[in-house]
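Asker: The structure follows.
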Amino acid sequence: MKISEYALKFIGCPYVWQGDGSGKYGGGFDCSGLVVECLQALGIIAADFTAQGLFQRLSELGWVNIPKGLETADDLCFWGKSTASITHVSIAIGDGLMVEAGGGGSKCKTPATSTGLVRVRPLTNRGDWVACLRKPK
């Protein structure tokens, strides 16, 4: 199974700050929780990371930075101010789209307080693109 295919299984799950899907935080996800769940399920990584930590770890593992506009399904897109200040991560699914856990924020501590969810959106909906990493072959 591909990263993007696995991620699409979570469409509609609530956005929950620090959520990792485990039920510990009501079963919801934050952005890095969703991506880490997908990577762990496919045996790619075995630890929990923030969006910033995930970028750093995958870069260390040899994931290749792809220029904007050349992303394909299963690439991880990072957002923020710079590669030293990443605040969001999503999974490219192809055709200029991404799956992400978003629309919430730090006040969304439970599904009951959530204002966001795991959703599909165009990559162009965000203007703070930083990098896109692709797993090496």
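Asker: So in the stretch 111-124, with the set limited to residues that are in a helix (DSSP H, G or I) and surrounded by 13 or more Cβ atoms within 10 Å (Cβ to Cβ), which one is nearest to the chain's Cα centre (by Cα)? Reasoning before the result, please.
Answerer: Let us first name the residues in the stretch 111-124 that are in a helix (DSSP H, G or I), namely 111-113, 123-124.
Now restrict to residues that are surrounded by 13 or more Cβ atoms within 10 Å (Cβ to Cβ): 111, 113, 123.
Values: Pro111: 18, Thr113: 21, Leu123: 12 Å.
Out of the qualifying residues, it is Leu123.
Asker: Could I ask something else about it? Failed condition for Ile91, given (1) buried (at least 19 other Cβ atoms within 10 Å of the Cβ); (2) on the phi > 0 side of the Ramachandran plot, with all others met?
Answerer: Every condition holds for Ile91 apart from (2).
Asker: Quick one: which of Gly94, Gly102, Gly62 is over 18 Å from Lys135 (Cβ atoms) and either touching a Cys at 6+ places or on another chain (Cβ under 8 Å) or modelled with pLDDT of 95 or more (or both)?
Answerer: Working: Gly94 fails: over 18 Å from Lys135 (Cβ atoms); Gly62 fails: over 18 Å from Lys135 (Cβ atoms).
That would be Gly102, the only listed residue that is over 18 Å from Lys135 (Cβ atoms) and either touching a Cys at 6+ places or on another chain (Cβ under 8 Å) or modelled with pLDDT of 95 or more (or both).
Asker: What number of residues within the stretch 50-64 are among the hydrophobic types (A, V, I, L, M, F, W, C), open to solvent by 50 Å² or more (accessible area, probe 1.4 Å) and closer than 21 Å to Met98 by Cα? Reasoning before the result, please.
Answerer: Quick first cut of the stretch 50-64, residues among the hydrophobic types (A, V, I, L, M, F, W, C) only: 51, 54-55, 58, 61, 63-64.
From what is left, the residues that are open to solvent by 50 Å² or more (accessible area, probe 1.4 Å) are 61, 64.
Remaining after also requiring closer than 21 Å to Met98 by Cα: 64.
Within the stretch 50-64, residues that are among the hydrophobic types (A, V, I, L, M, F, W, C), open to solvent by 50 Å² or more (accessible area, probe 1.4 Å) and closer than 21 Å to Met98 by Cα number 1.
Asker: Then there is this: Only residues that are open to solvent by 40 Å² or more (accessible area, probe 1.4 Å) and either in contact (Cβ under 8 Å) with a residue 60 or more places away in the chain or assigned to a strand (DSSP E or B) (or both): list them for the stretch 72-88, please.
Answerer: Thr72, Lys81, Ser82, Ser85, Thr87
Asker: Please tell me if Gly96 is more than 19 Å from Ser4 (Cα to Cα) and not β-branched (Val, Ile, Thr). Lay out the reasoning, then the answer.
Answerer: On the way: more than 19 Å from Ser4 (Cα to Cα): no; not β-branched (Val, Ile, Thr): yes.
So Gly96 does not fit the description; no.
Asker: Also: Would you be able to say whether some residue in the stretch 23-34 is in a strand (DSSP E or B), of a type in the set (Gly, Ala, Ser) and in contact (Cβ under 8 Å) with a residue 60 or more places away in the chain?
Answerer: no
Asker: Also, quick follow-up: Please give the number of the condition Lys107 fails out of (1) under 21 Å from Gly26 (Cβ atoms); (2) touching a strand residue (DSSP E or B) at 6+ places or on another chain (Cβ under 8 Å).
Answerer: Checking Lys107 against (1) under 21 Å from Gly26 (Cβ atoms); (2) touching a strand residue (DSSP E or B) at 6+ places or on another chain (Cβ under 8 Å), the one that fails is (2).
The values are calculated or read from the model by the stated rules, or taken from the named source; none is laboratory data. Everything numeric in this text was worked out from a predicted model, so none of it was measured. Here the Cβ is made from the backbone with ideal geometry for all residues, glycine too, and neighbour counts use every protein chain on show. Note: accessible area is taken over every heavy atom of the protein model, side chains too, but ligands, DNA and RNA are not part of it. Shrake-Rupley method; radii C 1.70, N 1.55, O 1.52, S 1.80 Å.
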